[in-house]
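> Below: one structure in structure tokens.
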Amino acid sequence: MFNIAILGLGDFENWNNSQSLSLGGASGVIKSILPYLDADSIYLMGITSNKKNLYEKIPLTKNISIVPIAYVPRNTILPIRFYAFFYGRKINSVIRNYNIHSVYSHAEEISYWIKPGMRILYHMHGSTNALVKAKKRIFRTKLLREQWESIRRANIKKAKHIIAIDHLCMNLIRRHGMEDKAVLLPNFVDTSVFYKDTAGCSLVEHIDKKILLFVGRIEEVKGLELFVDTLLEMNRRETGKWNGVIVGRGTYEPILKKYISDASAESLFYFTGPVFEQDKLRGIYNKASILMIPSFYEGIPMVILESLACGTPVISTDVGGVKDLIADGVLCHVNDRRDPSEFADLIEFALKKKDASTDEFRFSSLKASYLINNILRGGEFEKKNY
């Protein structure tokens, strides 16, 4: 028997519905690799809003089960990471109870508590301090950020191997002298789920104009004012030919809607709310003309890879590893200035280049699974970038 635990900050019980507490990119990576992992039993260990389910095994499929290990009350003002760190202290007893042989960690706050000796693959999702993105200023203090950095340092040193999603992560690992156990592997998506398709999606089928698309959390850090201003610029250039579609939810939504209202542009934008069904999301990507990432901070956004897998071009701010690892000047384009006019220029350029790409999609879960399965089973990896 070979059993693995996947640690994440995902609300795995409600992964596919509107009750989900977490919609982060790490959860998307876990979801995309899950069908390709080679183990007798896989345990998804994340968060729950139902305290009665803590540490209880909830079967999902024949060999995949959910074991919530951190309770997060709904409508809490505290970051989810705080709860993960507090409840994560019991991770060693949970590992023993379920006879875990390897841990695939996407949650530093939980794997921090794992005792030495366990084989840990640490998937590092970004170089930016996680608390920089905290919604409340009180949780972004220097003291708390330094404490979180100490948690990350412990994970880097403890892990058997590390996946760095971009060069910024690799540079941070190098500064800690741990480069030899790290491999550069950008995020990946399941290409059996995201691909070119004409089926469409009922949420956007009524739109008969070109679509500038945003998919993600509606939070201040996502820089959505730039998205709005870019759509307005495109509408000035091609009057009546563009709509903006925003897929997601978040605390910044009322502020963003007021920003749109102040520009008298309500008729140009559609808010779909969160979309959990992957077939619907695939339909939206395929319907869109361009996906835009206007963020201030990112790692390797999953939505970029999902869009590219569907053949839909992407324009992005210069965040994370997008420029170094994904941008190809054909389907994915990066601009380092937050200028709506320049992004509008980029949209026009991207649409002209859309049909010029003939390269095979490089960021598939199947390809990544060969490396990940090998590491989890105790193998080594070649020192190369994947």
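> I need the full set of residues from region 35-56 which are more than 16 Å from GLY10 (Cα to Cα) and surrounded by 14 or more Cβ atoms within 10 Å (Cβ to Cβ), in order please.
PRO35, TYR36, LEU37, ASP38, ALA39, SER41
> Restricting to region 25-54, name every residue that is within 13 Å of SER369 (Cβ to Cβ) and either in a strand (DSSP E or B) or among the aliphatic types (A, V, I, L, M) (or both).
The answer is VAL29, ILE30, ILE33, LEU34, LEU37, ALA39, ILE42.
> For region 294-318: of the residues being of a type in the set (A, V, I, L, M, F, W, C) and touching a strand residue (DSSP E or B) at 6+ places or on another chain (Cβ under 7 Å), which is surrounded by the fewest Cβ atoms within 10 Å (Cβ to Cβ)?
ALA309
> Further question on the same structure: Can you pull out the residues in region 302-319 that are closer than 19 Å to LEU185 by Cα and in contact with a helix residue (DSSP H, G or I) (Cβ under 7 Å, 6 or more places away or on another chain)?
MET302, ILE304, GLU306, SER307
> Could you tell me which residue of region 319-329 is modelled with the highest pLDDT, considering only residues that are outside any loop (DSSP other than H, G, I, E, B) and out of contact with any strand residue (DSSP E or B) (no Cβ under 7 Å at 6 or more places or on another chain)?
The residue in question is ASP324.
> Where in region 195-300 are there strands (runs of 3 or more DSSP E), lying fully within it, with 3 or more residues that are over 30 Å from GLU13 (Cβ atoms)?
Once the strands (runs of 3 or more DSSP E) in region 195-300 are filtered for at least 3 residues that are over 30 Å from GLU13 (Cβ atoms), what remains is 210-215, 242-247.
> Name the pairs whose Cβ atoms lie under 6 Å apart, with the first residue in region 150-171 and without any contact (Cβ under 8 Å) to a residue 12 or more places away in the chain, the second buried (at least 21 other Cβ atoms within 10 Å of the Cβ) and part of a strand (DSSP E or B), and 6 or more positions between them or separate chains?
From region 150-171, no pairs qualify.
> Let me ask something additional. Give all pairs with beta carbons closer than 6 Å in which a residue from region 298-310 that is assigned by TED's automatic domain parsing to the domain that holds GLY320 meets a residue that is surrounded by fewer than 24 Cβ atoms within 10 Å (Cβ to Cβ) and in a helix (DSSP H, G or I); count only pairs at least 6 apart in sequence or on separate chains.
MET302/GLY25; MET302/GLY28; CYS310/ASN286
> Could you give every pair whose Cβ atoms fall below 7 Å, whose first residue belongs to region 255-272 and is farther than 22 Å from CYS201 by Cα, and whose second residue is charged (D, E, K, R), counting only separations of at least 6 or pairs across chains?
Matching pairs, first to second residue: TYR259/GLU225; ILE260/GLU266.
The values are calculated or read from the model by the stated rules, or taken from the named source; none is laboratory data. Being a predicted model, the structure only gives us computed values, none of them experimental. Heads up, the Cβs are rebuilt from the backbone with ideal geometry, glycines too, and the neighbour counts pull from every protein chain shown.
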